[in-house]
Amino acid sequence: MHYKEIDTPALLIDYAILMKNMKDMQVYADNQNVKLRPHTKTHKMPKLAKMQEKYGASGITVAKVGEAEVMAAHGLDNIFIANEIVGEQKIQKIRDLSKSIAISFGIDSIYHVNEIEKVFEGAAEKAQVLIEIEVGENRSGVIEEEAFRELVSAVQNSSNINLKGVFSHDGHTYAAENLGHCKELYTASVDRTLHFAGICTELGVPPEVVSIGSTPPFLFGFDIPKGVTARYLADQTGLLQEIGHITVEKDGFTCNCGRVGCLETIASATGIIHQVNEFIQQNPSSELSHYFQKKGEISTKDIFNFAGDHLCQQIIQRTADALGVVLANLSVVINPSVITIGGGLSKAGDAFIIAIEKPFKGMLWHG
């Protein structure tokens, strides 16, 4: 049948575009070293949700309990409801779903905790919740730190609830005036989410999940500041090590964790941009500064394209030295079989690997 023979109204999907979008988004997430949990509100089709999981998604996101029920009935078994669920009847439905699938959902007030605690009394599994952080959309989520601390405390004191992490939705980026404004809104939103995730850790509940997302930042390919490139090292026992918060500069940049001089403030895509801003302010007549004034922004890739500029050389060397020394020291301790460079810096290519090799090899044992 030719598509023109189909009676209207009818939904037609271009399969080639669908597959390209699905693959592109998964590749983006993989390159950024984050898990992808696509929101199915764009299609509400279990078949497409299963295709997204086939290509690497860690699970799916829905907006309502009813949507979760439909997806679960069609075999989707890892679902996050990115919304605050109010009302004992709806929470009971989540409890029923939790008997057969992994399901989590949002909260932003102690009222939610009290309802969930009541409904999940006697359940085989605790309710899995994430606290939503308000980041500028003015729709839902916790705003004040004090309220957040009280909410975390309420969950800690509950018997039937597990705090899985935090999440945010920077939906206000849709209203950005231009690319630069979108990046500004996105960066502020992510920084705020990470700040509250840090409070969780401070309170003794390190988040398993720190979830962000909206469409505009990912259409523009903004880096996800989840930490340093090569954030994890796998040694020969399969052990994973977090290296982004190793201190490398006593008087360096302030990190999202609240400390100063962490590796990720230098050896990451975001860290390089910090360095660029610093150098441009100090050297307003440089080629790099003129390029920034003309374009309005600079990417990690631009720095390596301008490798002939002495400022770019300094940035590349500073980044490579910090990462190379840390990797060498850790290699002495855990003897990794493989070191993977990922995230935003992976876009720099072989030139960055070559720059890392000298400080890395210089710190290793010889003989």
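The values are calculated or read from the model by the stated rules, or taken from the named source; none is laboratory data. Note that this is a predicted model, so its numbers are computed, not measured. Here Cβ is always computed from backbone atoms with ideal geometry, including for glycine, and neighbour counts include all displayed protein chains.
Just to be sure before I move on: is E121 part of a loop (DSSP other than H, G, I, E, B) and out of contact with any Phe, Trp or Tyr (no Cβ under 6 Å at 6 or more places or on another chain) in the structure I sent?
Numbers: part of a loop (DSSP other than H, G, I, E, B): yes; out of contact with any Phe, Trp or Tyr (no Cβ under 6 Å at 6 or more places or on another chain): yes.
Yes; evaluated as a whole, the condition is true for this residue.
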Please determine whether any residue of segment 224-235 is modelled with pLDDT under 85 and surrounded by fewer than 16 Cβ atoms within 10 Å (Cβ to Cβ).
yes
Residues (part of a helix (DSSP H, G or I), over 20 Å from I212 (Cβ atoms) and touching a helix residue (DSSP H, G or I) at 6+ places or on another chain (Cβ under 6 Å)) located in segment 23-67
P46, A49, V65
Could you tell me how many of the residues in segment 173-191 are out of contact with any helix residue (DSSP H, G or I) (no Cβ under 8 Å at 6 or more places or on another chain) and more than 19 Å from G271 (Cβ to Cβ)?
6
Starting from residues that are of a type in the set (V, I, T) and surrounded by 22 or more Cβ atoms within 10 Å (Cβ to Cβ), keep the ones in segment 119-149 and report whichever is farthest from I91 (Cα to Cα).
V135
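Criterion first (closer than 29 Å to G66 by Cα and among the aromatic types (F, W, Y)) does F196 satisfy it? Break it down into steps so the answer makes sense when it comes.
Values: closer than 29 Å to G66 by Cα: no; among the aromatic types (F, W, Y): yes.
Against the criterion (closer than 29 Å to G66 by Cα and among the aromatic types (F, W, Y)), F196 does not qualify.
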Long-range neighbours under 6 Å by Cβ, at least six apart or interchain, first residue at pLDDT 80 or above within segment 346-367, second among the hydrophobic types (A, V, I, L, M, F, W, C) and surrounded by 15 or more Cβ atoms within 10 Å (Cβ to Cβ):
A355/I316; A355/A320; I356/A320; I356/L323; P359/V325; F360/L327; F360/A328
Being over 23 Å from S58 (Cβ atoms) and free of Cβ contacts under 8 Å to residues at least 40 places away in the same chain narrows E150, E88 down to just E88
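Yes/no per residue for (1) at positive phi; (2) part of a loop (DSSP other than H, G, I, E, B); (3) modelled with pLDDT of 75 or more:
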{"site": "D251", "(1), (2), (3)": "no, yes, yes"}
{"site": "N256", "(1), (2), (3)": "no, yes, no"}
{"site": "P284", "(1), (2), (3)": "no, yes, yes"}
{"site": "F304", "(1), (2), (3)": "no, no, no"}
{"site": "T319", "(1), (2), (3)": "no, no, yes"}
With the structure loaded, tell me whether I116 is surrounded by 15 or more Cβ atoms within 10 Å (Cβ to Cβ), assigned by TED's automatic domain parsing to the domain that holds E146, at pLDDT 95 or above and under 22 Å from S168 (Cα atoms) or whether it fails that test.
yes
Got at least one residue in segment 195-211 being at pLDDT 90 or above, surrounded by 20 or more Cβ atoms within 10 Å (Cβ to Cβ) and farther than 30 Å from Q92 by Cα?
no
Can you name the number of the only condition in (1) free of Cβ contacts under 8 Å to residues at least 12 places away in the same chain; (2) of a type in the set (D, E, K, R); (3) not in a helix (DSSP H, G or I) that D96 fails?
(3)
What is the residue count in segment 150-188 for residues that are among the acidic types (D, E), assigned to a loop (DSSP other than H, G, I, E, B) and surrounded by 13 or more Cβ atoms within 10 Å (Cβ to Cβ)?
1
For segment 101-108, check the following and say yes or no: at least one residue is among the hydroxyl-bearing types (S, T, Y), under 23 Å from T201 (Cα atoms), assigned to a strand (DSSP E or B) and in the same structural domain as V65 (by TED's automatic domain parsing).
yes
